[in-house]
Amino acid sequence: MDFCRLDGVVFISHQWAGYSHPDPHGTKYEAIGKAVHELQSRGVRANWIWLDYCCIPQENNVQQQSAINSMFAYTSFCTTFLSLAPTCTHVDSGEELTPETRHQRLWCLLELLCFTVSRAGRHDETYLYTDDGLEEDEPPSEQALGVMNGTSTCCQLCHASSNPCDKQRVVSVMLGIYWRLLVLKQKDGGTSAWAMGMLEQVDANEESFFPGRV
C-alpha cells in the first residue's frame, strides 16, 4: 500500500493504559469508533487511521526503530490529528489518565510536534476526543517542544531491559524536525516567523528538545 497516496488519514495519538499493552480493557478502542464517527459527521475525511500499536512493529526491534525514524514522514501524510483521551486507569501504575496527562508523555508530545511542524503550526485539523465528545484542539506549538521533558515507560521502569532509552530512540526524528524548521525559516511571511520563533525556543531550551545524558 502506498501510504502517501491515501486520502483522509487520521493520526491517532493516545497515552498507553498499560506498560505492555495500550488498551487492556478496550476503552480506547470504543473511543476510536465514536471519535471517527464524530469526525465524519462533521465532514472530516476519515477513511484511514494511523495508530502506533497497529502501524509500528511491536516485536521486531529493527523494524520498530525504522518505523520510529519515519514518524515525521508518516505524520506529514496524515490530514487530521486526533488526540484520544478518554478517562481511564493505567493497569500497572494505577495512574488516572486524563486529557491533561497526555501532555506529560514523551511519545504524545513527539507525535504532536511532528504533526504541528508538518503543517507549519496550523491547527485547523487538530482534534481532541474526551468523555465529553469531540472538540477542536489548539495546543500551543511550543508546548510540544518539550519532548525530552516527557515521561516514558522505560524511564519509569528504571531501564530494566537492555533496550535503549526512548529519548535516544527518537533522536533521528528530532533531527528531522529541526531540519524541517530550518527549511520553513526560509519561507516567506508568517511561516518563516513561526519557524524562527520555534527555533529560538529550541535554542533557549536545548535539553528539552535534544537528549542530554540518559
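FYI, it's all coordinate maths here, none of it is from the lab. What you see is a predicted model; the values in this text were computed from it and never measured. Don't worry about glycine lacking a Cβ; one is built from the backbone with ideal geometry, like all the others, and counts go over all protein chains shown.
Structural remarks
- Some residue of region 50-58 being surrounded by fewer than 17 Cβ atoms within 10 Å (Cβ to Cβ), part of a loop (DSSP other than H, G, I, E, B) and among the β-branched types (Val, Ile, Thr): no
- In summary, helices (runs of 4 or more DSSP H) completely within region 106-185 and bearing 2 or more residues that are closer than 27 Å to ALA31 by Cα occur at 106-118, 153-156.
- Qualifying residue in region 45-53 (condition: in contact with a strand residue (DSSP E or B) (Cβ under 7 Å, 6 or more places away or on another chain) and of a type in the set (Ser, Thr, Tyr)): no
- Residues of region 1-33 classified as surrounded by 14 or more Cβ atoms within 10 Å (Cβ to Cβ) and not in a loop (DSSP other than H, G, I, E, B), total: 11
- Exclusive hit being touching a residue at least 60 places away in the same chain (Cβ under 8 Å) and outside any strand (DSSP E or B), set VAL44, VAL36, VAL62: VAL44
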